[in-house]
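Reviewing the structure listed below.
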6 protein chains.
Amino acid sequence: MIELAAETLDLLKGVSTATITGILLAKKGMRTRWIAGVRPVSPARCSFVGPAFTLRYVPIREDLDSKAGLHDPDNPMRHAIETIAAGSVFVLDMRGELGCGALGDILVSRLIARGVVGVVADGAMRDVGPLSEMALPVFCAGAAAPPSGNSLLAMDVQRPIGCGGVLVYPGDIVVGDSDGVVVIPRHLADEVAQAGHEKEQIEAWIKQRVQKGAVIPGNYPPNAAVEAAYRQWVQEGRPEPKGE
Amino acid sequence: MIELAAETLDLLKGVSTATITGILLAKKGMRTRWIAGVRPVSPARCSFVGPAFTLRYVPIREDLDSKAGLHDPDNPMRHAIETIAAGSVFVLDMRGELGCGALGDILVSRLIARGVVGVVADGAMRDVGPLSEMALPVFCAGAAAPPSGNSLLAMDVQRPIGCGGVLVYPGDIVVGDSDGVVVIPRHLADEVAQAGHEKEQIEAWIKQRVQKGAVIPGNYPPNAAVEAAYRQWVQEGRPEPKGE
Amino acid sequence: MIELAAETLDLLKGVSTATITGILLAKKGMRTRWIAGVRPVSPARCSFVGPAFTLRYVPIREDLDSKAGLHDPDNPMRHAIETIAAGSVFVLDMRGELGCGALGDILVSRLIARGVVGVVADGAMRDVGPLSEMALPVFCAGAAAPPSGNSLLAMDVQRPIGCGGVLVYPGDIVVGDSDGVVVIPRHLADEVAQAGHEKEQIEAWIKQRVQKGAVIPGNYPPNAAVEAAYRQWVQEGRPEPKGE
Amino acid sequence: MIELAAETLDLLKGVSTATITGILLAKKGMRTRWIAGVRPVSPARCSFVGPAFTLRYVPIREDLDSKAGLHDPDNPMRHAIETIAAGSVFVLDMRGELGCGALGDILVSRLIARGVVGVVADGAMRDVGPLSEMALPVFCAGAAAPPSGNSLLAMDVQRPIGCGGVLVYPGDIVVGDSDGVVVIPRHLADEVAQAGHEKEQIEAWIKQRVQKGAVIPGNYPPNAAVEAAYRQWVQEGRPEPKGE
Amino acid sequence: MIELAAETLDLLKGVSTATITGILLAKKGMRTRWIAGVRPVSPARCSFVGPAFTLRYVPIREDLDSKAGLHDPDNPMRHAIETIAAGSVFVLDMRGELGCGALGDILVSRLIARGVVGVVADGAMRDVGPLSEMALPVFCAGAAAPPSGNSLLAMDVQRPIGCGGVLVYPGDIVVGDSDGVVVIPRHLADEVAQAGHEKEQIEAWIKQRVQKGAVIPGNYPPNAAVEAAYRQWVQEGRPEPKGE
Amino acid sequence: MIELAAETLDLLKGVSTATITGILLAKKGMRTRWIAGVRPVSPARCSFVGPAFTLRYVPIREDLDSKAGLHDPDNPMRHAIETIAAGSVFVLDMRGELGCGALGDILVSRLIARGVVGVVADGAMRDVGPLSEMALPVFCAGAAAPPSGNSLLAMDVQRPIGCGGVLVYPGDIVVGDSDGVVVIPRHLADEVAQAGHEKEQIEAWIKQRVQKGAVIPGNYPPNAAVEAAYRQWVQEGRPEPKGE
């Protein structure tokens, strides 16, 4: 797996998904990196950055006793939960199924114990009341009490999956915030982190100008003159910005 | 209507919908008891237990003056609201219609006065701002200001209905919490309440073990050894649980 | 554009969308004035009244460099933002597209600086975390970080549009509250405001009666006797209302 | 049930659903009489006129053995099939369910034997291969082999239902052709049949004019002059029509 | 892989999917074996029976040059097409994607050359005009000209997949006819084939009775007396059946 | 409007939409040129090529009497039908509305008289029985008898529109066949026509090779050796192709 620059994950913690998706479009022509249809269980806990660890579900068949399998350490769900590395984001391909909840408070407790930093699923979760008070950011497509065996069967661990319309390879860098979740191809993460860090800074400066009355054309996106003004302001030690 | 055991409703107040749906699947092979697509108007007020009282809507026809009918005590909506028994859950088959709100603050005020304990509708509600501050838990599929006469006509009281994909007979036991709403067939309510009460207790004990570092396989779902450990722990007077 | 009565906008600030849609149905037979599928970014900030200023989007074409165009004052998005009148509601026809966010915190900052009182879009917004803390009520169909150029192109300013299934002419009066958003045809705004103001008053009186135990039939909607009682109560100087 | 004029059903056999829906909109302001989402099993066999006979389905519950019930003459499905009057259109409220087929070749054979003239269902049918070669026009929302017990339970016979978004009362006049299915409220059937018969005649005359080069404005819909020309042409014994 | 009885595939050629799904429900309680949302490209060519050979797609990423990979024999799509066994049914998990066509006339020509007997995909096909005149039954969810690289990437060969909501293991027996497609778990295929063969025969006899006027109750499903009459008729050498 | 090369439209008549979309993706990175969700009214009549003439609809408002407006030559629908140039494809932005039919047999008769070569609408048509026997290829999203005034109002002629998710400028070249409809940006039409013409020829040659047993890898897409073999075959006067 491609090695990331040491500062990449830290830099990304300060970059919004709006900025990341903007860079992926403008610099790489990528329009397919945004996970559709997921929301945080707790709006107060929605920021995370980490590499993807993937689990793929398929539909059930009534005669496959998923419960018995849960005692088996080779069961894909159990294997995933007990082997996922600390710092990972657990990404579940649930095929958009909303009739069952993949994870409840006991499994999320275990993920927290294992050091997982985020969960993203294009299906539902259960026990969302307790989950909303736990420390782990969880993005999903809904709440549903029935256990996953109601409609889904865990099948593959660490294969490339689709989640919310996005191709996710194990190790891709997954970033979440209040807008939702973006998946950065691993080989682009360093570049996106650097560009994102810079863009966040100039946009904060632009936002202040706009709040003081600057017009949008020229300022956002910044034209050459505004970019030069920004660079001079940085050189001058970032004094309080002025309006237009 | 089948008589319930005296403690059933009280026991169910301590059982989550996640636990109930798990029991209905594991013990009865039932996968069709979860009402799809409803959320509480107020997340802070979503727990209830009670027997279903049903109302069925059909689409409108423009020349049927629903307003005049509202003065008529035989109007199904009026009849329902003025005959529903205290302790009931009012369940509305709105056919997934989101273009009108079935109940607003005046009708909900009346339901509260009549002792209703919950409302579940697979359509929208109106006045959701005021509703979110009223004492009655209301689950619905959205908010819509237009009156129900905009697209729906109340037709039948206390007939079996579909709501969110679930067959609901009058008298079925309806349970809501932060995940959503499950409908227990009335003849199974006593059994589900007992089994649910026991499962909540062992799962609370398991959750504590997992939070202290226990692995999932073996513990959840518990194998025979873990179940024995739980029973011994109960016999010992429930001392503080240990990790794996 | 038709002149409104001086008090119309102020009166409408005290009228709920539930009341307005009820009047449009009962008095005008209008069932198509409710914007479907939009929710407030911040539930705490969802009330507004003002005339519509419209922007129409179309799908993208990959070779149209929308970014370059943003420096051009004739760009429809830029033109809209820099010409919208104070007091307006900015209404966006996004064709239900959820794969990009039309406005983020910088553009909304500019709209606030220009005196806009509300935003309504049948598509997504970006930067919804920051937006939820800004002063402007924003209704939309979701959150999405990707910039609008990911899937939409701004095309027309101040043409009649569709938004959430509703025909919106520039100048129509748009009203939002916790239920959502209704669009009053401009030529009906004065009449709806007057009727709505009166209906709010009698319904507040009815609601109190119902909370004290009055039955629904006869009281809501009020029959002639109840309406007479209300008028007498007004004449008597509005003493504390009695139950049925 | 309201008595129809003797010629009404025969007149309607010569009127298209396009003409009927046009009259219901123009003369009655009715926009809710068109059954959404149904197509004929056999495009070659899609024309019918008759009064509705209704059956309502609800979702299944796994422990209700629908099969045993099929021997019971009180079973709603059996009761419907064995009591439906010759000349009726069998209208099924399947709640849009596409996971099972309500009727197969044996039940349709029985409906033919009983003299039914059409079937309309907002759900699926099974055995659509054989059905497409049988004499009865069947409109439905899809094909699905699983028996109805897979997901639906027959509940009520001859109650008002919704079908494809339309309120259908038993006895309403249902008309099908290659466009689909319209439901005429029974009390309007005589009037619609008369108006439809006349409109078909003038539109046939207009169509010929347009095919010979007449412009649309003035001719369609016809202005007063064109209507006068039509009436004169009728008085003159309907000679070959001329172009514009 | 479980060995099938020698006659199983031949028997299944004479059993409809309606009969098979009925048996799977009645004898095995299985409600999840029907592939949702697929239709034959050519209604005249829709019958097939064979073991599943599976291919799994995931969403695209713009920088993965799928075209270059097509020359690589390890490319999953190429590998699938060049290794699929004669007699197989090619089943594609396209995740419901309708924006591209997985197979066109050249690839289908190759599948025919390799002896494939059916294709089932929960996504679209391209070149459906030519395909509709080719000898291979193809079931899909629509037509779309863009190549699969427009939105999908082939990922896995011969893994268990979901297709139209159904879990499909390689080797499961897939049966198609004019209703659509059912997937029989391989270990049940012999039993279903035998039971289906018998059920087809009695239902043909029942259908003739019903066409001659027999009522549904008692005859369909057959009660004990009717089943006995059928067995006697078989013993008597199957003379022409009589009405009720 | 950009002038097309003289042979472009004729060349495109021999190029499939599968080939065109493949070229737009491979050469221009365009994934957004395929109109989603439309099917031909008559599968036997679905091929056309021509420049787009656009009409935009918005939702209705009940008090706008669309009928009166139809006599007005400035009515957008009338203006469109009476000014559209011979050879054009009439493209309608109906916003996916399926509750009304935009065109019936009289208006289509007029379009034929005016020399229109195709119709594409992301909504429904009416009179589809008669339409299926008329000479004009019509692609739409369904059939619906109610007149357009049931839910839509014609608003703009010859503005850029969205149709089935595609941005269509007046003058873009629209091509239809049995797969559906693709929109070529006008400035790319000459290039796409030339490349498409060549690709059709080599793919016909490849298809014959595959039908004679050639494997897919190497042949499709052709590698350098196969392309060279094709060119030599052309130079040799196109003798009967050989297998692999």
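Name the residue that is most open to solvent (accessible area, probe 1.4 Å), counting only residues in segment B:39-51 that are part of a strand (DSSP E or B) and in contact with a helix residue (DSSP H, G or I) (Cβ under 9 Å, 6 or more places away or on another chain).
Residues of segment B:39-51 that are part of a strand (DSSP E or B), as a first pass: B:39-40, B:48-51.
Among the residues that remain, those that are also in contact with a helix residue (DSSP H, G or I) (Cβ under 9 Å, 6 or more places away or on another chain) are: B:49-51.
Values: B:VAL49: 17, B:GLY50: 0, B:PRO51: 34 Å².
Once the filter is applied, the top-ranked residue is B:PRO51.
Report the residue count in segment F:202-233 for those that are open to solvent by 20 Å² or more (accessible area, probe 1.4 Å) and either of a type in the set (Asp, Glu) or touching a residue at least 12 places away in the same chain (Cβ under 8 Å) (or both).
Summing the residues that are open to solvent by 20 Å² or more (accessible area, probe 1.4 Å) and either of a type in the set (Asp, Glu) or touching a residue at least 12 places away in the same chain (Cβ under 8 Å) (or both) in segment F:202-233 gives 12.
Kindly provide the set of residues from segment A:160-171 that are out of contact with any Phe, Trp or Tyr (no Cβ under 9 Å at 6 or more places or on another chain) and buried (at least 24 other Cβ atoms within 10 Å of the Cβ), ordered by number.
Answer for segment A:160-171, where residues must be out of contact with any Phe, Trp or Tyr (no Cβ under 9 Å at 6 or more places or on another chain) and buried (at least 24 other Cβ atoms within 10 Å of the Cβ): A:CYS163, A:VAL168.
Among the residues of segment F:90-114, write down those that are away from chain D (no Cβ under 12 Å) and closer than 20 Å to F:LYS13 by Cα.
F:PHE90, F:VAL91
Taking into account only those residues within segment F:1-23 that are open to solvent by 20 Å² or more (accessible area, probe 1.4 Å), of a type in the set (A, V, I, L, M, F, W, C) and in contact with a His (Cβ under 9 Å, 6 or more places away or on another chain), which is farthest from F:LEU167 (Cα to Cα)?
F:LEU11
Out of the residues in segment C:24-38 meeting the condition of being within 20 Å of B:ASP63 (Cβ to Cβ) and more than 9 Å from chain B (Cβ to nearest Cβ), tell me which one is most open to solvent (accessible area, probe 1.4 Å). It would help to see each step written out before you state the result.
Kept after step one, since they are within 20 Å of B:ASP63 (Cβ to Cβ), are these residues of segment C:24-38: C:24-32.
Now narrow it down to the ones that are more than 9 Å from chain B (Cβ to nearest Cβ): C:27-28, C:30, C:32.
Working: C:LYS27: 122, C:LYS28: 78, C:MET30: 7, C:THR32: 33 Å².
Looking at the filtered set, the residue picked out is C:LYS27.
Can you find a residue in segment C:183-191 that is in contact with a Ser or Thr (Cβ under 8 Å, 6 or more places away or on another chain), part of a strand (DSSP E or B) and surrounded by 24 or more Cβ atoms within 10 Å (Cβ to Cβ)? So that I can check it myself, show each step before the final result.
Taking segment C:183-191 first, the residues in contact with a Ser or Thr (Cβ under 8 Å, 6 or more places away or on another chain) are C:189-190.
Checking the rest, the ones that are also part of a strand (DSSP E or B) come to none.
Checking segment C:183-191: not a single residue is in contact with a Ser or Thr (Cβ under 8 Å, 6 or more places away or on another chain), part of a strand (DSSP E or B) and surrounded by 24 or more Cβ atoms within 10 Å (Cβ to Cβ).
Spot the failing condition for D:PRO239; the list is (1) open to solvent by 20 Å² or more (accessible area, probe 1.4 Å); (2) under 27 Å from D:VAL38 (Cβ atoms); (3) outside any helix (DSSP H, G or I), and only one is missed.
(2)
Search segment D:141-162 for residues that are more than 23 Å from E:SER16 (Cβ to Cβ) and polar (S, T, N, Q) and pair each with any residue that is open to solvent by 10 Å² or more (accessible area, probe 1.4 Å) and part of a loop (DSSP other than H, G, I, E, B) when their beta-carbon atoms are under 7 Å apart and the residues are at least 6 apart or on different chains.
From segment D:141-162, the pairs are D:GLN158/D:PRO170.
May I ask you to list pairs of residues, at least six apart or on different chains, whose Cβ atoms are under 6 Å apart, with the first in segment C:9-25 being within 10 Å of C:VAL49 (Cβ to Cβ) and the second being surrounded by fewer than 24 Cβ atoms within 10 Å (Cβ to Cβ) and at pLDDT below 95?
none
Looking only at segment D:192-201, how many residues end up being open to solvent by less than 70 Å² (accessible area, probe 1.4 Å) and charged (D, E, K, R)?
So the answer is 2.
Quick one: in segment A:126-143, which of the residues that are over 30 Å from B:GLY29 (Cα atoms) and open to solvent by 20 Å² or more (accessible area, probe 1.4 Å) is farthest from the chain's Cα centre (by Cα)? Before the answer, list the steps.
The initial filter retains those residues of segment A:126-143 that are over 30 Å from B:GLY29 (Cα atoms), namely A:133-137.
Still in the running and open to solvent by 20 Å² or more (accessible area, probe 1.4 Å): A:133-135.
On the way: A:GLU133: 19, A:MET134: 18, A:ALA135: 16 Å.
Ranking the qualifying residues of segment A:126-143, first place goes to A:GLU133.
What single numbered condition from (1) over 24 Å from A:ASP156 (Cα atoms); (2) part of a loop (DSSP other than H, G, I, E, B) fails to hold for E:GLY171?
That leaves (1) as the condition not met.
Sort through D:GLY96, D:GLY87, D:GLY123, D:GLY115 and tell me the only one that's surrounded by fewer than 21 Cβ atoms within 10 Å (Cβ to Cβ) and in contact with a strand residue (DSSP E or B) (Cβ under 7 Å, 6 or more places away or on another chain). Show your work before the answer.
On the way: D:GLY96 fails: in contact with a strand residue (DSSP E or B) (Cβ under 7 Å, 6 or more places away or on another chain); D:GLY123 fails: surrounded by fewer than 21 Cβ atoms within 10 Å (Cβ to Cβ); D:GLY115 fails: in contact with a strand residue (DSSP E or B) (Cβ under 7 Å, 6 or more places away or on another chain).
Within the list D:GLY96, D:GLY87, D:GLY123, D:GLY115, the selection yields D:GLY87.
Hey, can you tell me all the residues within segment A:149-185 that are farther than 20 Å from A:GLY101 by Cα, more than 14 Å from chain C (Cβ to nearest Cβ) and among the polar types (S, T, N, Q)? Steps first, please.
If we filter segment A:149-185 for residues that are farther than 20 Å from A:GLY101 by Cα, which is where we start, we get A:158-160, A:166-179, A:182-185.
Narrowing further to those that are more than 14 Å from chain C (Cβ to nearest Cβ): A:158-160, A:167-173, A:185.
Correct list: A:GLN158 only.
Only residues that are within 16 Å of A:SER47 (Cβ to Cβ) and either in a loop (DSSP other than H, G, I, E, B) or within 13 Å of another protein chain (Cβ to nearest Cβ) (or both): list them for segment A:126-139, please. Even if it seems obvious, please write down each step before you answer.
First, pick out the residues of segment A:126-139 that are within 16 Å of A:SER47 (Cβ to Cβ): A:132, A:134-139.
A:SER132, A:MET134, A:ALA135, A:LEU136, A:PRO137, A:PHE139, listed by residue number.
Which of (1) in a loop (DSSP other than H, G, I, E, B); (2) touching a Lys or Arg at 6+ places or on another chain (Cβ under 7 Å); (3) modelled with pLDDT of 95 or more does C:PRO217 not meet, given it meets every other one?
Just one mismatch for C:PRO217, condition (3).
Would you pick out the residues in segment C:72-84 that are open to solvent by less than 20 Å² (accessible area, probe 1.4 Å) and over 21 Å from C:PRO185 (Cα atoms)?
First, the residues of segment C:72-84 that are open to solvent by less than 20 Å² (accessible area, probe 1.4 Å): C:77-78, C:80-81, C:84.
Of everything in segment C:72-84, those that are open to solvent by less than 20 Å² (accessible area, probe 1.4 Å) and over 21 Å from C:PRO185 (Cα atoms) turn out to be C:MET77, C:ARG78, C:ALA80, C:ILE81.
For D:GLY69, are the conditions met, namely being open to solvent by less than 40 Å² (accessible area, probe 1.4 Å) and either modelled with pLDDT under 95 or hydroxyl-bearing (Ser, Thr, Tyr) (or both)?
Yes, satisfied.
Here is a check on your reading of the model: is F:ARG56 charged (D, E, K, R), in a strand (DSSP E or B) and either over 28 Å from D:ALA44 (Cα atoms) or free of Cβ contacts under 8 Å to residues at least 24 places away in the same chain (or both)?
Details: charged (D, E, K, R): yes; in a strand (DSSP E or B): yes; either over 28 Å from D:ALA44 (Cα atoms) or free of Cβ contacts under 8 Å to residues at least 24 places away in the same chain (or both): yes.
Yes.
Only one of (1) of a type in the set (Lys, Arg); (2) at the interface with another protein chain (Cβ under 9 Å from one of its Cβ atoms); (3) under 13 Å from the mean Cα position of the chain (by Cα); (4) farther than 17 Å from F:ALA144 by Cα fails for D:ARG45. Which number is that?
(2)
Return yes or no: is D:ILE23 among the β-branched types (Val, Ile, Thr) and closer than 25 Å to E:VAL182 by Cα? First the steps, then the outcome.
Values: among the β-branched types (Val, Ile, Thr): yes; closer than 25 Å to E:VAL182 by Cα: no.
For D:ILE23, the condition - among the β-branched types (Val, Ile, Thr) and closer than 25 Å to E:VAL182 by Cα - is not met.
Taking segment C:144-159 only, how many residues are open to solvent by less than 30 Å² (accessible area, probe 1.4 Å), assigned to a helix (DSSP H, G or I) and of a type in the set (S, T, N, Q)?
Total meeting the criteria: 1.
Of all residues in segment C:80-125, which are more than 18 Å from the chain's Cα centre (by Cα) and part of a loop (DSSP other than H, G, I, E, B)?
As a first pass, look at segment C:80-125 and keep what is more than 18 Å from the chain's Cα centre (by Cα): C:80-83, C:97-101, C:104-107, C:109-110, C:113-114.
Selection gives C:GLU97, C:LEU98, C:GLY99, C:CYS100, C:GLY104, C:ARG114.
Can you pull out the residues in segment E:5-20 that are of a type in the set (A, V, I, L, M, F, W, C) and within 21 Å of E:ASP177 (Cα to Cα)?
Taking segment E:5-20 and keeping what is of a type in the set (A, V, I, L, M, F, W, C), we get E:5-6, E:9, E:11-12, E:15, E:18, E:20.
Across segment E:5-20, the qualifying residues are E:LEU9, E:LEU11, E:LEU12, E:VAL15, E:ALA18, E:ILE20.
The values are calculated or read from the model by the stated rules, or taken from the named source; none is laboratory data. In this text the structure is predicted, and so the values were computed from the model without any measurement. Backbone-built Cβ (ideal geometry, glycine too); neighbour counts: all protein chains shown. Protein only, heavy atoms only, side chains kept; ligands, DNA and RNA dropped before computing areas. Shrake-Rupley method; radii C 1.70, N 1.55, O 1.52, S 1.80 Å.
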